[in-house]
1. So which of Arg44, Arg64, Arg23, Arg12 is basic (Lys, Arg), touching a helix residue (DSSP H, G or I) at 6+ places or on another chain (Cβ under 8 Å) and either free of Cβ contacts under 8 Å to residues at least 12 places away in the same chain or at negative phi (or both)?
2. Working carefully through the options Glu68, Glu60, Glu92, find the one that is more than 15 Å from the chain's Cα centre (by Cα), over 26 Å from Ala154 (Cβ atoms) and assigned to a helix (DSSP H, G or I).
3. Could you tell me which numbered condition Leu123 fails, if it satisfies all but one of (1) on the phi > 0 side of the Ramachandran plot; (2) modelled with pLDDT under 85?
4. Give the residue that is farthest from Leu7 (Cα to Cα), with candidates limited to residues of segment 39-68 that are at pLDDT below 95 and among the basic types (Lys, Arg).
5. What single numbered condition from (1) open to solvent by 70 Å² or more (accessible area, probe 1.4 Å); (2) in contact (Cβ under 8 Å) with a residue 24 or more places away in the chain fails to hold for Glu90?
6. Does segment 34-45 contain any residue that is more than 24 Å from Arg110 (Cβ to Cβ) and charged (D, E, K, R)?
7. In segment 12-30, how many are of a type in the set (A, V, I, L, M) and part of a helix (DSSP H, G or I)?
8. Quick check, is Leu73 touching a residue at least 24 places away in the same chain (Cβ under 8 Å), of a type outside the set (Val, Ile, Thr), closer than 24 Å to Leu153 by Cα and open to solvent by 70 Å² or more (accessible area, probe 1.4 Å)?
Amino acid sequence: MTAADLLLHPVRLRVVQALLGDRALTTAQLGEELPDVPTATLYRQVGVLADGGVLEVVGERKVRGTVERTFRLCTDAASIGPAAAAAMTEEEHRRAFLTFVAGLLADFDRYVDQGDVDLARDLVGYRQAALYLSDAELHELLRDLGDLLAPRLANRPAPGRVRRLLTTVLMPADRPDPSSREETP
């Protein structure tokens, strides 16, 4: 199964998202985070991800005559690389984006369903901005963002820290004119 096949399943993508941030969770804990996913489905999809090398077992313990496994995300295996993305069809890209957006909607629904929603207090936001950038300027922006985020991505859970999801979507708003494209650095 390709990385795209593994990751572009709605439940498997949500499992991967739940483990982002170097979290280690049991399938039961994943079930608490994804209560709308039937238990049998969750166990089956966690097994698929583990068999595919996307999840690794980082702990085991006996619980009532069975073995409870704790899983962690293998970050390198949990993404679709440039070559695999280039090989995807337009329909596969649509399916991938739909799966991604569905996961994002599910995350927001879980936030809203908690009750006592206060976007300002909780520092929740969603915005869209239009930037006029050449390819070189966009590459510079992406490098700057990477430099800015890198030390924060290394943060471990600690008192006072809340696990937050930063989601980005970047695409041209207009069809780019191929004759005006620059060479990428």
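1. Working: Arg44 fails: touching a helix residue (DSSP H, G or I) at 6+ places or on another chain (Cβ under 8 Å); Arg64 fails: touching a helix residue (DSSP H, G or I) at 6+ places or on another chain (Cβ under 8 Å); Arg23 fails: touching a helix residue (DSSP H, G or I) at 6+ places or on another chain (Cβ under 8 Å).
Unique residue meeting the criteria: Arg12.
2. Values: Glu68 fails: assigned to a helix (DSSP H, G or I); Glu60 fails: assigned to a helix (DSSP H, G or I).
Being more than 15 Å from the chain's Cα centre (by Cα), over 26 Å from Ala154 (Cβ atoms) and assigned to a helix (DSSP H, G or I) holds for just one of Glu68, Glu60, Glu92, which is Glu92.
3. (2)
4. Arg64
5. The number of the failed condition is (2).
6. Going residue by residue through segment 34-45, those that are more than 24 Å from Arg110 (Cβ to Cβ) are none.
Within segment 34-45, none of the residues are more than 24 Å from Arg110 (Cβ to Cβ) and charged (D, E, K, R).
7. Our first condition is that a residue be of a type in the set (A, V, I, L, M); within segment 12-30, this holds for 13, 15-16, 18-20, 24-25, 28, 30.
Retained after the next criterion (residues that are part of a helix (DSSP H, G or I)): 13, 15-16, 18, 28, 30.
Residues meeting the conditions: 6.
8. Values: touching a residue at least 24 places away in the same chain (Cβ under 8 Å): yes; of a type outside the set (Val, Ile, Thr): yes; closer than 24 Å to Leu153 by Cα: yes; open to solvent by 70 Å² or more (accessible area, probe 1.4 Å): no.
Criteria not met by Leu73.
The values are calculated or read from the model by the stated rules, or taken from the named source; none is laboratory data. The shown structure was predicted, so the numbers you read here are calculated from the model rather than taken from an experiment. In this analysis, Cβ positions are derived from the backbone assuming ideal geometry, glycine residues included, and neighbour counts consider all displayed protein chains. Only protein heavy atoms, including side chains, enter the accessible area calculation; ligands, DNA and RNA are left aside. Shrake-Rupley method; radii C 1.70, N 1.55, O 1.52, S 1.80 Å.
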